[in-house]
Amino acid sequence: MTTLLCSEAVSAREDPQPCREQDFGKFEVVARDGAARLGRLHTRHGVLDTPMLLPVVNPNIRTIEPREMWEKYHVDALITNSYVAWKHEKLREPALADGIHALLDFPSVIVTDSGTFQSYVYGDVEVGVEEIIEFQRDIGVDIGTMLDVFGRPDMSREELENAVAETAARAEDSLVAAGENLLLNGPVQGGLHDDLRAQAGELMGAARGEFRGFAVHPIGGIVPLMEKQRYRELFEILLAARSTIPPDRPVHLFGCGHPLLFPMAIALGADLFDSAAYALFARDDRLLSPHGTVKLAEITEWPVHSITLFPHTPAQVRAMDKDERSVLLAHHNLEITQAELARCREAVRNGTIWRLAEQRSHCSAQLRDAFLWLLGQMVDPDEGPVGQTVLRHIASTNPIRGNSEVFGEEIDSRPHILHLNALLAMRWRRPGSWWNGEDGSAKRVVLLVGAAPPWRDSALGDAISALAEEAASIILISTPLGPVPFTLEDVSPWCHIDGPDDLWELVLTEVEMDAWIEDLGLAGIPMEVHVCESSSDETEGGAERDVIRSWIDRCAVVDKLSLLCGIEPAAACELTEGMSSRRSRTDRMVNVFVDDEHLFSPRLTDGALSLTLAGARRLHALNPGTPTCFTEEIPVEDRDHPGIPRILLLEDAIPFVGQGRNVMHGYILGADPHVIIGQPCLIVDESGELVAHGIANASADDMAFFNKGIAVKVRDGARRD
Ligand code: GUN
C-alpha cells in the first residue's frame, strides 16, 4: 500500500544532460561560506551539485529503486560496489553487456567503490588493482574508485605508513587504467595521524594518469570512528587531509551519511557523503533525524516530519509487516537526509553554515565535544596541518556580512568574526591628526556605551561632543563583540547583531577589555566611559560640528581602506586629503569625491567600500607592479598593509576582462595571497598595468588551482573603448 502510494506520487523527471566535453571532470564552486562550498562536478551523466549524499545501493537488495530515488527524491548520484558486481556473474554479465546505468535503471551519476571496504570487513579481496579499474571503466561508471589500502584507526604507525605508501604506489597505474572516460576517486588514508593524512593528501593530489589526476578525494578509513561516534577525531582527520588536497577537487567522507554530521562536515569543507544508513537503520526500526537517531519502539508521535510518515502514526507503523515497515522507514530516512542537505546548502548560500553547525553541536555529547575542540583550534590553532587548514579557513571567509548575525555564546569564535577582528587588530591605526589640524598623540580614549545601532542615530552626537571637548580623543563604540572605532559604526556584523535589547548594554569584563584595547594599540591611553544619551542632531555649534563630522567621515574612509583593502593608513590619509561626500536622504555618506572625482562609495547594506574605476586607479598607483606568479615561490607577506590585492591575468583574457567581463578561473597567472573573498581587488597585466577591478570570488589558493568558475566579479574594465 505504501509502495503504491510512493510510486503514484512519482512524477517524471527528465534524464540529465551530459556535460560539455571541455568541462568533463571539472569541479567549480558557485557559492561559498568560508570552507563550505556549493560546487558542481561535471560528468557525462549530468552535473553533480554538491554538497550531496550518494545513497549506497546494493545491486542485490534494492530497498528503494534507483529510478525512484532519482525521480522522487532528486538523488542525482548514487554509489554501488563494483567488486560485488564483478564477483557475481549474474550482475557482471548484464553490467558488461548493457552498462551499469541500465543494470540499476538510474539515469544520472553512478559512483562505484572498489572492494577495499570488503577487504576491511572480510579480509583480502581477490581482484587486481588494474582489473577492478578496467571493470569499472567497461561497465560505464562515471566515478570509479581505485583499490586503496584501508587504514584502520587502531593500526600501528608503521602499518598506516604502509597503507598510505601502497595506496599512493597504486595511484598512477589506476589512473592510467581508467583511461579517458572514467573519473576516479583517490582515497586519502593515514589513520589518526595528522601528518600521514597530510602526506597522503599530497601524494594522491599529485598523482596523474595519461588524461588527468583524481577527480575526487574521499577520506578513507573513518567508518570505525563513526561507528563509535569519535567525531572529534573524524573532524581532525578532515582538517589534516584538507591541508594538502588540491582545493579544486571535491572531498568525500567515505561511509559518512548521518544527517547530524552534515552541517559541521560541510562547514569544514566536505563536499560528498555516502551511506547505506537510510536502509540499514530502517531495517533496524530506527529513524534518521537532523538531531540524531530515533527508535521507532520509543515514540508516540513523530519527532521529525516527512511526507512518507505523515499519513501514519508510530503505532500503525510498528504494526506493519517487517518488510513493508523497513521500506517505509527507508523512504523516510532518505527524505530526511535530502532535506537536511538542502538546509545545509541554503545555509552556505546565506552565510549561516557555521551557525547551523553550532546549533547541531548541541544534539550529541560527542558532537559537542568535537565542536568545542574546533573552537579551540579556531582561537589557538595547532602548529601542524590542522592549524594550517584552520587558518586558511578563517582567511577564506568574507568578514563583512549584510544579513544580521544572531547573537550566541560562541559568536566570537565564528570564523568570519575572527577574521574581521583579526583585520581590526592588525590593520586599524589611531588617526594621524585630529579634526582641529593638530597631530600630537591621543589624550584619551572615549568608550561610548549603552547605545544600540544604528549608532549614527544613537551615538553620533555623543561622539561629536566628545571630540569637541577634546580633539585628540579616540572614540570607540561598545558592541557585544568588543569596542570598535566609531568610524566603523556601520560595518556589519558589528552593527547588525540580532539579540535582546539589553545586548547593547553588555560590557566586557576588565580582562577582555584590556585585551581589546591592547589589540587596538591603545594600551596606556587614559580611558573614559561615556553613557550615550543624546541623538545625533541635538548637538549644538553648527560650523564646528560640521568640521568634526567631515573629519569622522574621512577617518571612516581611511579606516575602511586600511582594513579591507590593505592600504597604509598614512597613504589613505593622503589620498583622502580634501575629500567631500554626497549624503543620502537618511544622512549617510554614499559617494566620496576627491578633486571632484568620484572614488569610493560606502556600501549601505554592510558598511564595506565599493571602488569606482577612478578609485581603483588611485589604489593601483599606491601598489603598482604584479603579484608573484603561482609557478614561483610566493614570498611570506609580513606587512600589515600590503596594498590592495592584485590578480595577474593571462594575456588571452585581457580583451574581455578589460571590457568588464568577469575573470574566470584558468586565466590567472598569479594573485597576492592577501586577497579577501567579497572585498575589492585589482586585475593587472604582466607589465603591471590595470585591466579591471572587482570583487574577489575566490581565495588566492583557489585561483592557483581552479579551471572553471568565476574568480573575480568584475565591476569595471579599465580598457573600455
Ligand atoms: N568505504 C568506506 N571506507 C572506505 C575506504 O577507506 N576505502 C574505500 N575504497 N571504500 C571505503
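Full extension of the chain between E528 and R343 gives 62.0 nm of extra length, using 0.36 nm per residue less the Cα-Cα distance.
Restricting attention to the chain, lysine pairs at least eight places apart or on different chains and with alpha-carbon atoms under 22 angstrom apart total 5.
A cut-off of 5 Å between modelled amide H atoms, ignoring neighbours fewer than 5 places along the same chain, links I219 with V188, H252, L253, F254. Applying both filters, DSSP loop and at most 11 other Cβ atoms within 10 Å, to the GluC sites (Glu not before Pro) of the stretch 247-350 gives E301.
Modelled spin-label separation between E126 and A621, with each label point placed 7 Å from Cα along the Cα-to-Cβ direction: 7.9 nm.
Scaled against 2.2 N^0.38 Å for its residue count N, the alpha carbon radius of gyration of the chain is 1.06.
If you line up the long axis of helix 460-469 against the longest principal axis of the chain, both from Cα atoms, how many degrees apart are they, to the nearest 10? Helix 460-469 sits at roughly 40 degrees to that axis. Restriction of the GluC sites (Glu not before Pro) in the stretch 116-169 to DSSP coil positions whose beta-carbon has at most 10 other beta-carbons within 10 angstrom yields E126. Counted over all Cα-Cα pairs of the stretch 591-641, pairs farther apart than 13 Å make up 70 percent.
What is the ratio of the Cα radius of gyration of the stretch 578-693 to 2.2 N^0.38 Å, where N is its residue count, to two decimals? With N residues counted in the stretch 578-693, Rg over 2.2 N^0.38 Å equals 1.17.
Against the criterion of solvent-accessible heavy-atom surface with a 1.4 angstrom probe, E689, E65 sort, most first, into E689, E65. Two numbers describe the Cα atoms of the stretch 260-390: Rg and Dmax, which are 17.2, 56 Å.
Stretch T300-T313 to full length: gain in nm at 0.36 nm per residue minus the Cα-Cα span?
On the way: separation 13, 0.36 × 13 = 4.68 nm, distance 0.76 nm.
Extending this stretch completely gives an extra 3.9 nm.
Taking every DSSP beta bridge with both residues inside the chain, roughly what % is antiparallel (nearest 5)? The antiparallel proportion sits near 55 percent.
Pulled fully out, how much extra length does the chain show between D195 and E470, if you take 0.36 nm times their separation in residues and subtract their Cα-Cα distance?
Numbers: separation 275, 0.36 × 275 = 99.00 nm, distance 5.61 nm.
Length gained, D195 through E470: 93.4 nm.
What Kirkwood Rh does the stretch 392-483 have if only Cα atoms enter the pairwise 1/r average? Answer in Å. Hydrodynamic radius (Kirkwood, Cα only) of the stretch 392-483 equals 15.2 Å.
Taking N as the number of residues in the stretch 502-613, what is its Cα Rg relative to 2.2 N^0.38 Å?
Values: Rg = 16.7 Å, N = 112, 2.2 N^0.38 = 13.2 Å.
Dividing the Cα Rg of the stretch 502-613 by 2.2 N^0.38 Å gives 1.26.
Per-residue 3J(HN,Hα) values for the stretch 89-103, derived from phi via the Karplus relation 6.51 cos²θ - 1.76 cosθ + 1.60 with θ = phi - 60°, read 4, 5, 9, 4, 5, x, 5, 6, 6, 10, x, 5, 5, 6, 4 Hz in sequence order (x marks Gly and Pro).
Treat the stretch 305-376 as a sphere of radius equal to its Kirkwood radius over Cα pairs and apply Stokes-Einstein at 20 °C in a medium of 1.002 mPa s; give the translational diffusion coefficient in µm²/s, rounded to a whole number.
Working: Rh = 14.5 Å.
My calculation gives 147 µm²/s for D.
Shown here for the stretch 434-512: GluC sites (Glu not before Pro) in loop regions (DSSP other than H, G, I, E, B) with at most 10 other Cβ atoms within 10 Å, namely E438.
The values are calculated or read from the model by the stated rules, or taken from the named source; none is laboratory data. The structure displayed is predicted, hence computed values, not measured ones. A quick note on method: Cβ atoms are made from the backbone with ideal geometry, for glycine too, and the neighbour counts reach across all protein chains shown. Accessible surface is based on the protein model in full, side chains and every heavy atom, while ligands, DNA and RNA are left aside. Shrake-Rupley method; radii C 1.70, N 1.55, O 1.52, S 1.80 Å.
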